[in-house]
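Beneath this line is the structure, given in structure tokens, with notes to follow.
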Amino acid sequence: MKDSLDIQGKKYISAKRVKQLFGYSSDYVGQLCRSEKLDCRMVGRSWFVTEQSIIAHKAIVADSQKEKNNEKRKVIKSKIS
């Protein structure tokens, strides 16, 4: 199976390639695709996603984690004060 495909002018990379580039497991990529959080296509039994959608997802997750960490710091500071 190829690591990338061009579909309707968009380049899609395989879940296997996503694992190599971004560290996401194939199962997690499948979960994100099924929940429609990525621009993806199923070809045969394999998921293919656009690299841009993975990058955008990682940015959203990173921002969310920063917000959670800031909230935790505020709670800790309020308990200390």
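Each value in this text was obtained by applying a stated rule to the coordinates, not by laboratory testing. None of the values given here were measured: they were computed from a predicted structure. Note that each Cβ is placed from the backbone with ideal geometry, even for glycine, and that neighbours are counted across all protein chains shown.
Overview of values
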item	result
14 Å beta-carbon shell around residue 21, net charge (K/R +1, D/E -1)	+3
Cα centre as origin, Lys/Arg/Asp/Glu Cβ charges: segment 32-81 dipole, Debye	400 debye
Net charge over other residues, Cβ less than 12 angstrom from the Cβ of residue 61 (K, R count +1; D, E count -1)	+2
Calculated P(r) tail over 18 Å for the chain, as whole % of Cα pairs	47 percent
